[in-house]
Every structure is written in C-alpha cells, then in structure tokens.
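Participant: Here's a structure for you.
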Amino acid sequence: MTKQTDLQQLIMPWFEGVPDASLLSALTATAIGVCSLLFVYLFTGRLMLPGIQAVVTKVSPQRIGALAPMLTKLNRRFAGMLCCVLFLATFDSIYPVGEFSAEVFKIIGQTLLIIHIGFIISSIVSIAGGIYNQLEFAREVPIQGLIQVVKLITFMICAILIVSIILEKSPTYILSGFGAIAAVTLLVFKDTILGFVASIQIAANRLVTYGDWIQVENYGADGEVIDLGLNTVKVRNWDNTITTIPTYMLVAGSFKNWRGMQESGGRRIKRSLNIDMNSIRLVDEELTNILGQAIVLNDYIKLSTLPDPVSNLGLFRRYAEGYLKQHEKINTSLTLMVRELQPLNHGLPIEFYCFSQDKRWISFEHLQAEIMDHLLAVLPLFDLRPYQSVTGQFSPATQPNNSKPSIKVANTADQAQPK
C-alpha cells in the first residue's frame with residue numbers, strides 16, 4: 001500500500017473533484033521531486049560551481065587554468081553528490097511509493113552517493129597531483145604511482161560499503177571474509193602490490209622520472225620516459241614506438257639511466273681508429289722535413305720539444321690530443337686523452353676519449369664525425385695508414401722496389417686544416 005507523503009497531501013486539494021486525484025497528486029509530487037533534483041544539478045554544476053572556479057582561476061591563471069578539465073569534472077561529480085543527498089533527505093516527504101519500492105530506491109540512492117563520493121575523492125587526488133606536478137622538484141620525485149594507489153584504496157572502500165548496503169550487513173562483516181580469500185587477492189593483485197612497492201622505492205631513491213632517457217635491454221626500451229604508472233612505465237623509443245615495462249622491473253632488474261650525462265658538463269666521445277702496424281716507424285730526417293713544412297702542426301705540437309727518437313704514431317697521438325684540447329666544442333675541463341689499446345689482429349687501436357659540450361644527439365654525432373674525418377685526413381701526413389681488410393696498398397716490406405709511398409705535402413696539409 002502506498003503511503004501519502006507530505007508533498008502529496010499538500011497538493012491534494014488541487015485535484016479535488018478530479019477522477020483519480022490520488023494518482024495525479026502522486027505523479028505531480030514525483031515530478032516536482034525529479035524537477036527539483038534536475039534544477040539543483042544544473043544550478044550547482046553549470047552556474048554556482050563554474051562561477052567559483054572562474055573566480056579562483058583569475059587568482060592564478062597559469063597554475064589553476066591548467067587544471068580546468070579536472071575542476072570541471074569535480075564540479076559535475078559534486079553536483080551529483082548534492083542531488084543524491086537531497087534525494088535521500090527528502091525521499092520520505094516527496095516520493096509516494098510502496099515500502100518495498102522505497103527500500104530499493106533508498107539503496108540505489110545510497111549506492112550512487114557512495115560512488116559520487118569515491119569519484120570526488122579521486123578528482124581531489126588528481127587535482128592535488130596536478131598541483132604537485134607543477135612544482136620544480138616534481139620531475140625528480142614523481143608520485144603518479146602513489147596517486148593511483150590512493151585511488152585504488154578509495155574505490156576498494158567504496159566497493160565494500162556498497163556491498164554492505166546491498167546485503168544490509170556491517171562493513172566489518174564484509175572485511176572479516178577477506179581472510180578466507182587473501183591468497184586469491186594477493187594472486188590477482190600481485191603486479192599491483194609489486195608496482196606499489198616499486199613506486200615508493202623509485203620516488204624515494206629518485207631512480208627514474210619523467211623525461212629521463214633510459215635503456216632496458218631485456219625489453220628493448222631505449223628512449224624517453226613518458227609515463228610512470230603504478231603497474232607500467234611507458235618509454236617512447238627514438239623510433240617513436242612505445243615500450244611498456246612493468247614498474248617493479250626497474251627495481252628488480254637493471255637499467256641504464258642517461259640522466260647523469262644530461263646533467264653533467266658533457267657527453268662522452270669514445271672512438272678508436274685502427275692503425276696498420278706496418279706503417280709505424282721512427283721519424284727520420286725526411287719525415288721531419290715533411291712535417292716541418294705542414295704549418296698546421298705548429299698549432300698543436302712543437303717538434304722541437306719531442307723526444308729523440310720518436311715514432312710517427314707518437315707524433316700523431318700528440319697531434320690528436322692537441323687538436324682535441326683546442327677544439328671549441330670539446331669540454332676540456334673533463335677527461336681528455338688519446339691512448340693506445342692492446343694490439344689486435346686487425347691493427348693497433350688508437351682511442352680518442354673526450355667530452356663534447358653539446359649533449360644533443362644530432363650535434364653530438366656531427367661532432368664525432370667531424371673529429372674522425374679530420375684525424376683520418378691527417379694520417380697520411382704522418383706516413384700512417386688506417387687498417388682495412390682490403391686496403392689496395394702494399395706494406396713497405398712487400399711494395400715493388402721496396403719504395404716508400406709518396407706523400408703530397410701540400411694536398412695533405414690542405415686536408416689537415418681544422419674545420
């Protein structure tokens with residue numbers, strides 16, 4: 001049996017003498033209640049809360065303006081929560097329904113209220129995270145994983161409350177049953193739990209943050225970190241593909257982070273040039289005269305200060321080191337050297353070790369190529385040859401008539417001019 005509400009009794013005189021007055025008054029009362037909820041939603045969600053948001057935005061247009069989408073979403077959810085509270089508070093006074101229907105509608109209203117509260121907390125956490133990300137040190141200590149954990153816990157609590165309302169049981173009754181399914185819960189949320197612990201370690205130890213260039217060989221990742229989530233880390237590779245890595249793997253495994261290079265004074269250049277060991281010899285008077293005519297050498301080495309005897313490879317090493325020290329794009333405050341490595345079956349490696357001032361990829365590669373081009377070009381000036389599997393040249397011991405290769409000083413000197 002339907003019980004008349006206060007609003008229905010109030011409007012009952014409007015329908016005196018009309019057939020089915022009770023039904024019409026009940027429908028009218030329900031329509032008034034629904035229209036009131038719609039009016040409250042539109043007024044708060046479209047007028048009042050956006051007006052408050054506009055005033056707050058004027059205080060800090062850059063910081064708060066960037067959060068406009070999240071604030072708009074919060075406004076809608078807050079308006080929905082007000083409607084749920086109003087619906088439950090006025091249900092017995094407005095809506096004339098039977099006892100069973102009333103219980104069903106109240107359960108639906110309470111469920112929607114809990115859902116809206118959960119979404120409001122989620123929006124507030126997102127806004128707090130957005131404000132935090134605008135701070136200077138946010139890139140060093142990302143909290144995206146922690147934000148996702150708070151949201152996850154919020155929705156788990158909301159789910160428990162909804163189940164308790166539907167079953168008409170206390171939330172403690174629902175929680176008491178979790179002990180029996182703890183193993184299943186741990187199995188289902190294994191990655192989430194591991195990701196949560198990893199997120200805390202990553203944030204505390206500052207292992208990785210947004211924009212870092214990392215390499216994870218096991219997953220083929222080599223690029224920039226674009227997202228640090230609770231369960232996954234997204235890396236945009238240099239070929240614009242996206243690699244997804246489990247968050248806990250950054251803690252359980254190993255990876256290379258290039259942040260130290262990006263924050264340092266230079267990017268390392270470590271290149272080697274294999275010298276044909278058959279071309280290495282002591283400097284004689286003929287080679288000294290030839291080198292003395294190459295004016296470019298005077299900028300990098302002083303022939304008068306060299307030990308006697310000295311090899312043509314020793315001269316080349318001193319020249320290369322002087323060339324690197326005077327190069328305008330090399331950071332001479334960091335380690336700089338030219339050294340010989342262990343002789344191999346494909347020649348004697350000469351390694352050039354230094355740091356470029358410009359750490360950008362394209363500029364770095366161009367500088368490496370420029371240095372190697374120049375050093376390769378001046379090799380013939382020192383009567384040296386780079387090692388190649390098939391060179392097309394004879395060694396001094398097997399060359400016809402045992403004659404030495406001719407050296408064109410003028411052309412070589414022109415090639416040796418620094419770029």
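Participant: Report Rg(Cα)/(2.2 N^0.38 Å) for the stretch 206-261, keeping two decimals.
Facilitator: With N residues counted in the stretch 206-261, Rg over 2.2 N^0.38 Å equals 0.97.
Participant: How many nm is it between the label spots at LYS256 and GLN134, if each spot is 7 Å from the Cα in line with the beta carbon?
Facilitator: Spacing of the two 7 Å Cα→Cβ label points: 3.8 nm.
Participant: Moving to a separate point now. Take every Cα-Cα pair in the chain and report what % of them are more than 35 Å apart.
Facilitator: In whole percent, the long-distance tail amounts to 60.
Participant: OK, next. Need one number: nm distance between label points at THR243 and MET156, each 7 Å from Cα along Cα→Cβ, rounded to one decimal.
Facilitator: 3.2
Participant: Once you sort the root eigenvalues of the Cα gyration tensor of the stretch 6-198 as a ≥ b ≥ c, which label holds: rounded (a/c under 1.5), prolate (a/b larger than b/c) or oblate (the other case)?
Facilitator: oblate
Participant: Applying the Karplus parametrisation 6.51 cos²θ - 1.76 cosθ + 1.60 with θ = phi - 60° to the phi angles of the stretch 26-40, what ³J(HN,Hα) value in whole Hz is obtained for each residue in order, glycine and proline being reported as x?
Facilitator: Here the 3J(HN,Hα) series is 5, 5, 5, 4, 5, 5, 5, x, 5, 5, 5, 4, 5, 5, 4 Hz.
Participant: Also, quick follow-up: How high is the relative contact order of the chain, in percent, with contacts defined as C-alpha pairs under 8 Å that are six or more residues apart?
Facilitator: So the answer I get is 11 percent.
Participant: ³J(HN,Hα) across the stretch 247-262 via Karplus (A = 6.51, B = -1.76, C = 1.60, θ = phi - 60°), whole Hz, x for Gly/Pro?
Facilitator: Those phi angles translate into 4, 5, 5, 5, 9, 6, x, 10, 8, 9, 10, 8, 4, x, 5, 5 Hz.
Participant: If each of PHE105 and LEU23 carries a label point 7 Å out from its Cα toward its Cβ, how far apart are those two points in nm?
Facilitator: It works out to 1.8 nm between the two label points.
Participant: Next question, about the same structure. For LEU341 and GLU224, what is the calculated FRET efficiency with R₀ set at 35 Å and r taken between the beta-carbons, to the nearest 0.05?
Facilitator: After rounding to 0.05, the efficiency reads 0.55.
Participant: What 222 nm value per residue comes from the helices of the chain, counting each DSSP H run with n ≥ 4 as -39,500 (n - 2.57) and dividing by all residues, nearest 500 deg cm²/dmol?
Facilitator: -16500 deg cm²/dmol
Participant: In the stretch 117-141, which residues have a backbone nitrogen under 17 Å from the label point lying 7 Å from VAL188's Cα in the Cα-to-Cβ direction?
Facilitator: none
Participant: Rounded if a/c is under 1.5, else prolate if a/b beats b/c, else oblate: with a ≥ b ≥ c from the C-alpha gyration tensor eigenvalues square-rooted, which is the stretch 76-182?
Facilitator: Oblate, because a/c is 1.5 or more while a/b does not exceed b/c.
Participant: Between the stretch 231-289 and the stretch 39-60, what is the C-alpha centre distance in whole Å?
Facilitator: 54
All of the numbers you see were taken from the coordinates with simple rules; none came from a lab. None of these values were measured; they are calculated from a predicted model. Cβ: placed from backbone, ideal geometry, glycine included. Neighbour counts: every protein chain shown.
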